[in-house]
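Here is the structure we will look at.
The values are calculated or read from the model by the stated rules, or taken from the named source; none is laboratory data. Keep in mind that what you see is a predicted model, and the values were worked out from it rather than measured. Backbone-built Cβ (ideal geometry, glycine too); neighbour counts: all protein chains shown.
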Amino acid sequence: MNPIVIIGGGLAGYTVARELRKLDKSVPLTMLMADDGAFYSKPMLSNGLAQNKTAASLILSSAEKMASQLLTEIRPHTRVKAMDAAAHRLELEGPEGSTSLEYGRLVLALGADPIRLPIAGDGVDAVLSVNDHADYGVFREALEGKQQVAILGAGLIGCEFANDLAGAGHEVTVYDLAPQPLGRLLPTGAGQFMANALAAKGIAWRFGQSASQVQKDGPCLRLTTVNGQSESFDLILSAVGLKPRIALAQAAGLKTNRGIVVDRCLRTGDPDIFALGDCAEVEGLLLPFVLPLMASARALAATLSGTDTPVSYPAMPVVVKTPACPAVVSPPPMGTAGEWQETVTSSGVRALFEGQEGELLGFALLGDAVGEKQALTAKLPAWL
Amino acid sequence: MKTYQCVVCGFIYDEAIGDPEHGIPAGTAWADIPDSWSCPDCGVAKADFEMVEI
């Protein structure tokens, strides 16, 4: 019997393997990943300094340990060059050279790539992105003894890294074209509150500014913005967003949009190919967060073990791990009609997004307002 | 009373506080939380991850 093959050893890949093994201990399972297959949690990378973690201590389990715990063949350092959906065959490149692998069913847990802005200059290659455990190791090594750090992007990851670095004593400057941090998650009062709270920790904001060039300047990097302003830094981190890895699926003739298009059973147009996590677009929803990943992995495991199980997405608020400004956000789905009502105090923000009938469709809670998370979440409609 | 941290997302479970909104009263020891409980922030099942005592 050809195995279920999972491509990807991140949180999505390992969670679906684990959930499947709870239901089916005998179906052959193979996992392929480009990295070393160590199991780690990506959410923990952006507060590693505050948690006193090193790159090594962020590893939860080695690939070998996962292989024996999950009764799974794990093949690290293996890339999939091509997928032949009709033949159920993968062309691989790995430690044994070029090989083929036939699958019974295939799970794409490929994740997403960091978006890189079109920046010129001989220092561009020195700009770091942290999107996986290996990147984190490079980042921490580069950070040793460095003081001035620039972060490109004031979104979720940019703000978390900014807080983490500032808390560890680095001088942090954050660049973003938007006029506030977390522009896609927070209304303006909440955004201002977050900006103030992080500024109080020493973070410098460069709103309305974007890097156009990065040049080597001795041991430093000189960042020049689109409007010609320059500043020098010891290290630059880019955190401007993620692009789902859809190339393999596209080349195989599967439907892709922003992500790999799947239905509520996480199934692509091919009945034997599934996708979940940061690479997948489930009924139009691209939710690169852990709660949807867990819900998807559980539903997919049930489907793979024989009972088609559509995923349900209740409201799943996102926790922003900025200790200087605790925040939890359940944004209204894109394009929803309605308005934000914000109550801003000196110690917190309570922002409610209400639809045309006054119904609650989203919220953002900052500072001492975060305690209301559960009560408000209970009032929100499900996403799927 | 002990505190535990979720290894996936960092959520802190404080035995003194419990998780009353999910049916876990204040004072509930980690060992007494049912296996069906999942981390309120990230959804990881109790059965899957050792929360680390901190």
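Being within 30 Å of A:L223 (Cβ to Cβ) and touching a Phe, Trp or Tyr at 6+ places or on another chain (Cβ under 8 Å) is the requirement here; does A:L108 meet it? Against the criterion (within 30 Å of A:L223 (Cβ to Cβ) and touching a Phe, Trp or Tyr at 6+ places or on another chain (Cβ under 8 Å)), A:L108 does not qualify. Look through B:D41, B:D48 and report the one residue that is within 11 Å of chain A (Cβ to nearest Cβ), closer than 20 Å to A:V328 by Cβ and assigned to a loop (DSSP other than H, G, I, E, B). The conditions single out B:D41.
Looking only at residues in the stretch A:25-67 that are touching a strand residue (DSSP E or B) at 6+ places or on another chain (Cβ under 7 Å) and hydroxyl-bearing (S, T, Y), which one is surrounded by the most Cβ atoms within 10 Å (Cβ to Cβ)? Looking at residues that are touching a strand residue (DSSP E or B) at 6+ places or on another chain (Cβ under 7 Å) and hydroxyl-bearing (S, T, Y), I get A:Y40. There is no residue in the stretch A:189-212 that is buried (at least 19 other Cβ atoms within 10 Å of the Cβ) and touching a Lys or Arg at 6+ places or on another chain (Cβ under 7 Å). Of everything listed in (1) among the hydrophobic types (A, V, I, L, M, F, W, C); (2) touching a residue at least 40 places away in the same chain (Cβ under 8 Å); (3) within 12 Å of chain B (Cβ to nearest Cβ), the single unmet condition for A:M44 is (2).
Counting only strands (runs of 3 or more DSSP E) wholly contained in the stretch A:294-384, the ones carrying 1 or more residues that are in contact with a strand residue (DSSP E or B) (Cβ under 6 Å, 6 or more places away or on another chain) and within 14 Å of chain B (Cβ to nearest Cβ) occupy A:318-320, A:327-330, A:360-367. Given the structure, is B:P40 closer than 25 Å to A:F289 by Cα and free of Cβ contacts under 8 Å to residues at least 40 places away in the same chain? Here the answer is yes, as B:P40 does meet what is asked. Taken over the stretch A:1-17, the criterion of being within 13 Å of chain B (Cβ to nearest Cβ) and touching a strand residue (DSSP E or B) at 6+ places or on another chain (Cβ under 9 Å) is satisfied by A:G10, A:L11, A:A12, A:Y14, A:V16, A:A17.
Pairs meeting the criteria (first residue in the stretch A:364-378 and closer than 8 Å to A:P326 by Cβ, second residue among the aromatic types (F, W, Y) and in a helix (DSSP H, G or I), beta carbons under 9 Å, at least 6 apart or on different chains) are A:L366/A:F193; A:G367/A:F193.
Looking only at residues in the stretch A:230-255 that are buried (at least 18 other Cβ atoms within 10 Å of the Cβ) and closer than 23 Å to A:A87 by Cβ, the one that is farthest from the chain's Cα centre (by Cα) is A:A252. For the stretch B:1-36, filtered to residues that are loosely packed, with under 12 Cβ neighbours inside 10 Å and of a type in the set (D, E, K, R), the residue that is farthest from the other protein chains (Cβ to nearest Cβ) is B:D32. Take the conditions (1) at the interface with chain A (Cβ under 10 Å from one of its Cβ atoms); (2) buried (at least 17 other Cβ atoms within 10 Å of the Cβ); (3) among the aliphatic types (A, V, I, L, M); B:I54 misses just one of them, which is (2).
Kindly indicate whether A:N163 is within 29 Å of A:A50 (Cβ to Cβ), part of a helix (DSSP H, G or I), within 22 Å of the chain's Cα centre (by Cα) and modelled with pLDDT of 95 or more. Yes; evaluated as a whole, the condition is true for this residue. Counting only strands (runs of 3 or more DSSP E) that fall entirely inside the stretch A:177-248 and contain at least 1 residues that are at pLDDT 95 or above, in contact with a Gly (Cβ under 6 Å, 6 or more places away or on another chain) and not β-branched (V, I, T), the qualifying elements are A:211-217, A:220-225, A:242-244. Looking at the stretch A:49-148, the strands (runs of 3 or more DSSP E) lying wholly inside it that each contain 1 or more residues that are under 21 Å from the mean Cα position of the chain (by Cα) and either among the hydroxyl-bearing types (S, T, Y) or more than 29 Å from A:L177 (Cα to Cα) (or both) sit at A:59-61, A:79-84, A:105-108. Close contacts from the stretch A:321-335, counting a first residue that is free of Cβ contacts under 8 Å to residues at least 24 places away in the same chain and a second that is of a type in the set (D, E), with Cβ to Cβ under 6 Å and a gap of 6+ residues or different chains, come to none at all.
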